[in-house]
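The values are calculated or read from the model by the stated rules, or taken from the named source; none is laboratory data. The structure displayed is predicted, hence computed values, not measured ones. Positions of Cβ are generated from backbone atoms using ideal geometry, with glycine treated the same way; all protein chains shown enter the neighbour counts. Only protein heavy atoms, including side chains, enter the accessible area calculation; ligands, DNA and RNA are left aside. Shrake-Rupley method; radii C 1.70, N 1.55, O 1.52, S 1.80 Å.
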Amino acid sequence: MLKLAVLGSTNGTDLQALLDAQVGHQLGEAEIVLVVSNKPAAGILDKARRVGVEAVCIEAATQTDFEHQLLNMLQRRKVDLILLIGFMRILSDEFVRQYDHKILNIHPSLLPKYAGGMNLDVHAEVLKQGDAVTGCTLHYVTEQLDGGPIYGQEEVAVLPGDTPQTLKIRVQAAEQKLLLRAVRELADKP
Ligand code: GAR
(Lines give C-alpha, C1' and ligand atoms only; values in the text may rest on other atoms or scores of the structure.)
Protein backbone atom coordinates (compact mmCIF):
# COMPACT_ATOMS: atom_id res chain seq x y z
CA MET A 1 0.00 0.00 0.00
CA LEU A 2 1.37 3.42 -1.01
CA LYS A 3 0.83 5.75 1.94
CA LEU A 4 0.18 9.34 0.96
CA ALA A 5 0.30 12.60 2.88
CA VAL A 6 -1.10 15.82 1.43
CA LEU A 7 0.16 19.29 2.34
CA GLY A 8 -2.04 22.29 1.58
CA SER A 9 -2.69 25.85 2.68
CA THR A 10 -5.96 26.60 0.91
CA ASN A 11 -9.31 25.13 -0.02
CA GLY A 12 -7.87 21.91 -1.40
CA THR A 13 -10.31 21.49 -4.29
CA ASP A 14 -8.10 18.84 -5.90
CA LEU A 15 -7.94 16.83 -2.69
CA GLN A 16 -11.70 16.27 -2.88
CA ALA A 17 -11.28 14.36 -6.15
CA LEU A 18 -8.67 12.12 -4.54
CA LEU A 19 -10.82 11.58 -1.44
CA ASP A 20 -13.85 10.72 -3.59
CA ALA A 21 -11.72 8.15 -5.39
CA GLN A 22 -10.44 6.77 -2.11
CA VAL A 23 -13.95 6.46 -0.65
CA GLY A 24 -15.11 4.81 -3.89
CA HIS A 25 -12.15 2.37 -3.85
CA GLN A 26 -10.82 3.91 -7.07
CA LEU A 27 -7.40 4.91 -5.82
CA GLY A 28 -5.76 1.56 -6.44
CA GLU A 29 -3.14 0.47 -3.93
CA ALA A 30 -2.86 3.97 -2.46
CA GLU A 31 -4.26 5.56 0.67
CA ILE A 32 -4.26 9.14 1.91
CA VAL A 33 -3.37 8.73 5.57
CA LEU A 34 -2.67 12.33 6.56
CA VAL A 35 -3.46 15.89 5.52
CA VAL A 36 -1.37 18.71 6.95
CA SER A 37 -1.86 22.45 6.70
CA ASN A 38 0.02 25.46 7.98
CA LYS A 39 -3.28 27.42 8.13
CA PRO A 40 -5.90 26.45 10.72
CA ALA A 41 -8.82 27.74 8.63
CA ALA A 42 -7.75 25.97 5.42
CA GLY A 43 -10.71 24.17 3.82
CA ILE A 44 -8.45 21.28 2.91
CA LEU A 45 -8.50 20.14 6.56
CA ASP A 46 -12.32 19.92 6.68
CA LYS A 47 -12.42 17.99 3.43
CA ALA A 48 -10.19 15.31 4.93
CA ARG A 49 -11.98 15.22 8.31
CA ARG A 50 -15.38 14.82 6.65
CA VAL A 51 -14.32 11.41 5.33
CA GLY A 52 -12.37 10.39 8.43
CA VAL A 53 -8.86 11.09 7.16
CA GLU A 54 -6.54 12.48 9.82
CA ALA A 55 -6.04 16.23 9.34
CA VAL A 56 -3.61 18.32 11.33
CA CYS A 57 -2.65 21.96 11.39
CA ILE A 58 0.94 22.70 12.32
CA GLU A 59 1.09 26.29 13.49
CA ALA A 60 4.78 26.45 14.16
CA ALA A 61 6.52 29.75 14.71
CA THR A 62 9.47 28.96 12.48
CA GLN A 63 10.09 26.98 9.31
CA THR A 64 12.50 24.70 11.19
CA ASP A 65 9.85 23.95 13.81
CA PHE A 66 7.20 23.32 11.18
CA GLU A 67 9.37 20.87 9.29
CA HIS A 68 10.54 19.14 12.45
CA GLN A 69 6.95 18.44 13.50
CA LEU A 70 5.99 17.48 9.96
CA LEU A 71 8.88 15.04 9.66
CA ASN A 72 7.86 13.35 12.91
CA MET A 73 4.31 12.88 11.70
CA LEU A 74 5.39 11.54 8.32
CA GLN A 75 7.85 9.09 9.82
CA ARG A 76 5.43 7.80 12.47
CA ARG A 77 2.85 7.06 9.79
CA LYS A 78 5.45 5.64 7.38
CA VAL A 79 4.37 7.96 4.58
CA ASP A 80 5.80 6.97 1.17
CA LEU A 81 4.77 9.95 -0.95
CA ILE A 82 3.86 13.59 -0.24
CA LEU A 83 1.52 15.55 -2.49
CA LEU A 84 1.57 19.35 -2.40
CA ILE A 85 -1.90 20.60 -3.27
CA GLY A 86 -2.13 24.38 -2.95
CA PHE A 87 0.74 24.40 -0.47
CA MET A 88 1.84 28.03 -0.37
CA ARG A 89 5.07 27.54 1.51
CA ILE A 90 8.51 26.62 0.25
CA LEU A 91 10.07 23.55 1.85
CA SER A 92 13.71 23.81 2.91
CA ASP A 93 16.48 22.22 0.85
CA GLU A 94 17.22 19.91 3.77
CA PHE A 95 13.64 18.65 3.96
CA VAL A 96 13.39 18.19 0.21
CA ARG A 97 16.61 16.17 0.10
CA GLN A 98 15.22 13.75 2.70
CA TYR A 99 12.24 13.05 0.45
CA ASP A 100 14.08 12.91 -2.86
CA HIS A 101 11.59 11.90 -5.62
CA LYS A 102 8.94 11.45 -2.93
CA ILE A 103 7.30 14.88 -3.09
CA LEU A 104 5.06 15.89 -5.99
CA ASN A 105 3.68 19.40 -6.49
CA ILE A 106 0.74 20.33 -8.68
CA HIS A 107 1.43 23.68 -10.35
CA PRO A 108 -1.24 25.63 -12.28
CA SER A 109 0.72 26.28 -15.50
CA LEU A 110 2.67 24.51 -18.19
CA LEU A 111 6.09 24.73 -16.54
CA PRO A 112 8.62 26.17 -17.13
CA LYS A 113 6.11 28.93 -17.91
CA TYR A 114 5.05 30.93 -14.85
CA ALA A 115 7.32 29.11 -12.44
CA GLY A 116 7.22 30.68 -8.99
CA GLY A 117 3.67 31.99 -9.48
CA MET A 118 0.82 31.13 -7.17
CA ASN A 119 -2.76 30.12 -7.80
CA LEU A 120 -4.97 32.90 -9.31
CA ASP A 121 -1.93 35.10 -9.99
CA VAL A 122 -0.76 32.52 -12.53
CA HIS A 123 -4.12 32.44 -14.33
CA ALA A 124 -4.26 36.26 -14.35
CA GLU A 125 -0.79 36.35 -15.94
CA VAL A 126 -1.80 33.79 -18.60
CA LEU A 127 -4.73 36.05 -19.56
CA LYS A 128 -2.56 39.17 -19.50
CA GLN A 129 -0.03 37.55 -21.83
CA GLY A 130 -2.82 36.45 -24.19
CA ASP A 131 -1.79 32.77 -24.18
CA ALA A 132 -4.11 30.50 -26.18
CA VAL A 133 -3.19 27.42 -24.16
CA THR A 134 -2.39 26.92 -20.50
CA GLY A 135 -2.58 23.89 -18.23
CA CYS A 136 -0.95 22.30 -15.25
CA THR A 137 2.20 20.41 -14.34
CA LEU A 138 2.82 17.68 -11.81
CA HIS A 139 6.49 17.69 -10.90
CA TYR A 140 8.86 16.31 -8.30
CA VAL A 141 9.96 18.86 -5.74
CA THR A 142 13.67 19.66 -5.65
CA GLU A 143 15.70 22.55 -4.24
CA GLN A 144 14.89 24.49 -7.42
CA LEU A 145 11.50 26.23 -7.06
CA ASP A 146 9.00 24.71 -9.52
CA GLY A 147 12.00 23.29 -11.38
CA GLY A 148 12.08 19.58 -10.48
CA PRO A 149 11.61 16.70 -12.95
CA ILE A 150 8.19 16.79 -14.60
CA TYR A 151 5.92 13.78 -13.99
CA GLY A 152 3.21 14.94 -16.38
CA GLN A 153 1.36 17.87 -17.90
CA GLU A 154 -2.19 18.53 -19.09
CA GLU A 155 -3.13 21.29 -21.52
CA VAL A 156 -6.21 23.50 -21.15
CA ALA A 157 -7.47 25.89 -23.83
CA VAL A 158 -7.97 29.52 -22.85
CA LEU A 159 -11.47 30.58 -23.95
CA PRO A 160 -12.78 34.01 -24.91
CA GLY A 161 -14.21 35.73 -21.84
CA ASP A 162 -12.15 33.67 -19.40
CA THR A 163 -11.36 35.22 -16.02
CA PRO A 164 -8.72 33.93 -13.60
CA GLN A 165 -11.57 32.22 -11.74
CA THR A 166 -13.08 30.42 -14.76
CA LEU A 167 -9.63 29.37 -15.91
CA LYS A 168 -8.82 28.07 -12.45
CA ILE A 169 -11.90 25.81 -12.50
CA ARG A 170 -10.87 24.17 -15.79
CA VAL A 171 -7.19 23.94 -14.89
CA GLN A 172 -8.13 22.27 -11.60
CA ALA A 173 -10.19 19.68 -13.48
CA ALA A 174 -7.00 18.91 -15.42
CA GLU A 175 -4.97 18.89 -12.18
CA GLN A 176 -7.32 16.31 -10.70
CA LYS A 177 -7.04 14.08 -13.76
CA LEU A 178 -3.25 14.25 -13.59
CA LEU A 179 -3.09 13.63 -9.84
CA LEU A 180 -5.42 10.63 -10.03
CA ARG A 181 -3.43 9.11 -12.86
CA ALA A 182 -0.11 9.64 -11.07
CA VAL A 183 -1.30 8.20 -7.75
CA ARG A 184 -2.71 5.09 -9.43
CA GLU A 185 0.43 4.60 -11.53
CA LEU A 186 2.81 5.09 -8.62
CA ALA A 187 0.77 2.77 -6.40
CA ASP A 188 0.93 0.09 -9.08
CA LYS A 189 4.72 0.29 -9.36
CA PRO A 190 6.42 -2.77 -7.91
C1 GAR B 1 -4.16 24.49 -6.66
O2 GAR B 1 -5.20 23.76 -7.25
C3 GAR B 1 -3.07 24.84 -7.67
O4 GAR B 1 -3.66 25.18 -8.89
C5 GAR B 1 -2.45 26.08 -7.06
O6 GAR B 1 -3.33 26.54 -6.06
C7 GAR B 1 -4.57 25.86 -6.17
C8 GAR B 1 -5.29 25.89 -4.84
O9 GAR B 1 -6.63 25.81 -5.07
N10 GAR B 1 -1.16 25.79 -6.52
C11 GAR B 1 -0.15 26.67 -6.49
O12 GAR B 1 -0.22 27.77 -6.94
C13 GAR B 1 1.11 26.15 -5.83
N14 GAR B 1 2.19 27.02 -6.11
P15 GAR B 1 -7.76 25.82 -3.94
O16 GAR B 1 -8.14 27.27 -3.73
O17 GAR B 1 -8.86 25.00 -4.51
O18 GAR B 1 -7.16 25.20 -2.72
By the C-alpha gyration tensor axes a ≥ b ≥ c (rounded if a/c is under 1.5, else prolate when a/b exceeds b/c, else oblate), the shape of the stretch 110-159 is oblate
Taking θ as phi - 60°, what are the ³J(HN,Hα) couplings along the stretch 54-60 by the Karplus curve (6.51, -1.76, 1.60), each to the nearest whole Hz, with x for Gly and Pro? 4, 9, 10, 9, 9, 9, 7
With the 1.4 Å probe rolled over protein heavy atoms, the chain has an accessible area per residue in Å² of 49
Mean Cβ neighbour count within 10 Å, used as a protection proxy, ranking 172-181, 138-147, 89-98 highest first: 172-181, 138-147, 89-98
By the scheme Lys and Arg +1, Asp and Glu -1, what is the net charge of all other residues having a beta-carbon under 15 Å from that of GLU94? -2
3J(HN,Hα) from dihedral phi, the stretch 142-150, Karplus parametrisation 6.51/-1.76/1.60, rounded to Hz, x for glycine, proline: 10, 5, 8, 4, 6, x, x, x, 7
Give the Rg/Rh ratio for the stretch 1-45, taking Rg as the radius of gyration of the Cα atoms and Rh as the Kirkwood radius, to two decimals. 0.99
What angle, in degrees between 0 and 90 and rounded to the nearest 10, separates the Cα long axis of helix 119-129 from the longest principal axis of the Cα atoms of the chain? 20
For LYS113, go through the lysines and keep the ones whose alpha-carbon is under 21 Å away, minus same-chain ones fewer than eight residues off. LYS128, LYS168, LYS177
What Rg and what Dmax come out for the stretch 118-190 when only alpha-carbon atoms are used, in angstroms? 13.7, 46
Percent of all Cα-Cα pairs per 5 Å bin for the stretch 66-123, counting from 0 up to the last occupied bin, reads 4, 15, 25, 25, 14, 10, 6, 1
Magnitude of the Cβ-charge dipole (Lys and Arg +1, Asp and Glu -1) of the stretch 82-151 about the Cα centre, nearest 20 debye, reported as 140
Percent relative contact order for the chain, counting Cα pairs under 8 Å at least six residues apart, stands at 22
Restricting to Cα pairs under 8 Å and 6 or more apart, the percent relative contact order of the stretch 102-190 works out to 31
Percentage, to the nearest whole number, of Cα pairs in the stretch 5-85 over 21 Å apart: 23
Among VAL6, ILE44, GLN75, whose Cα lies farthest out toward the positive end of the dipole of the stretch 1-78, if unit charges sit on the beta carbon of Lys, Arg (+1) and Asp, Glu (-1)? GLN75
Roughly how tilted is helix 164-188, in degrees to the nearest 10 and between 0 and 90, from the longest Cα axis of the chain? 40
Give me Rg over Rh for the chain, both radii from the alpha carbons and Rh done the Kirkwood way, two decimal places. 0.95
